[in-house]
Amino acid sequence: MSEVQILVDADACPVKEEVYRVALRREVPVKVVSNMRLRVPEHSLVERVVVSDAFNAADDWIAEAADARTVVITGDILLADRCLKAGATVIGHNGKPFTGASIGSAIATRAIMADLRAGGDVVGGPAPFAKADRSRFLQALDEALVRLERR
């Protein structure tokens, strides 16, 4: 059986420091995936994965590496869907999990918002990242890792 791991869709991730903190405390390897070189801690459990700048290269890498022993951190709904289909646990930056039950409505809402924007309607983006989101994220990641380690 494969080792539990964390994959981070890192290009726009506001919780990388929290991921490192939890991962190092729980001794879980982290792969920080991006299409540009990002600073990561010098630690044997943290690996920087730089992919090409091709469209969706980071998403493709993460989706291919995800499995039932993986926690994926992303705000990308379509990537979350791909990772759920691979059996991964997926957590948004705000700490809210993506699940099989919630992903369909998230994809539908995303499509509606894209249509509204394309039609020239002014629609707001996501709520600003808040302290409560950071706290919820830390709790969700810790809980997800505990569940996977018990399997």
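Values in this text are rule-based calculations from the coordinates and carry no lab data. Everything numeric in this text was worked out from a predicted model, so none of it was measured. Cβ placement follows ideal geometry from the backbone for every residue including glycine, while neighbour counts extend to all protein chains displayed.
Of all residues in the stretch 71-90, how many are touching a Phe, Trp or Tyr at 6+ places or on another chain (Cβ under 9 Å) and surrounded by fewer than 24 Cβ atoms within 10 Å (Cβ to Cβ)?
Summing the residues that are touching a Phe, Trp or Tyr at 6+ places or on another chain (Cβ under 9 Å) and surrounded by fewer than 24 Cβ atoms within 10 Å (Cβ to Cβ) in the stretch 71-90 gives 3.
Is it the case that Arg21 is within 19 Å of Leu138 (Cβ to Cβ), surrounded by 14 or more Cβ atoms within 10 Å (Cβ to Cβ) and charged (D, E, K, R)? So that I can check it myself, show each step before the final result.
Working: within 19 Å of Leu138 (Cβ to Cβ): yes; surrounded by 14 or more Cβ atoms within 10 Å (Cβ to Cβ): yes; charged (D, E, K, R): yes.
Spelling it out, Arg21 is indeed within 19 Å of Leu138 (Cβ to Cβ), surrounded by 14 or more Cβ atoms within 10 Å (Cβ to Cβ) and charged (D, E, K, R).
Every residue in the stretch 53-70 that is acidic (Asp, Glu), surrounded by 15 or more Cβ atoms within 10 Å (Cβ to Cβ) and either touching a residue at least 40 places away in the same chain (Cβ under 8 Å) or closer than 17 Å to Ile6 by Cβ (or both), please. Break it down into steps so the answer makes sense when it comes.
Within the stretch 53-70, the first condition is being acidic (Asp, Glu), and the residues that meet it are 53, 59-60, 64, 67.
Remaining after also requiring surrounded by 15 or more Cβ atoms within 10 Å (Cβ to Cβ): 59-60.
The answer is Asp59, and nothing else.
Picking from Val50, Val30, which residue would you name as being among the β-branched types (Val, Ile, Thr) and buried (at least 19 other Cβ atoms within 10 Å of the Cβ)?
On the way: Val50 fails: buried (at least 19 other Cβ atoms within 10 Å of the Cβ).
Just a single option satisfies the conditions, and that option is Val30.
Is it true that Val32 is free of Cβ contacts under 8 Å to residues at least 40 places away in the same chain, over 26 Å from Lys131 (Cβ atoms), of a type in the set (A, V, I, L, M) and touching a Lys or Arg at 6+ places or on another chain (Cβ under 6 Å)?
Values: free of Cβ contacts under 8 Å to residues at least 40 places away in the same chain: yes; over 26 Å from Lys131 (Cβ atoms): no; of a type in the set (A, V, I, L, M): yes; touching a Lys or Arg at 6+ places or on another chain (Cβ under 6 Å): yes.
Spelling it out, it is not the case that Val32 is free of Cβ contacts under 8 Å to residues at least 40 places away in the same chain, over 26 Å from Lys131 (Cβ atoms), of a type in the set (A, V, I, L, M) and touching a Lys or Arg at 6+ places or on another chain (Cβ under 6 Å).
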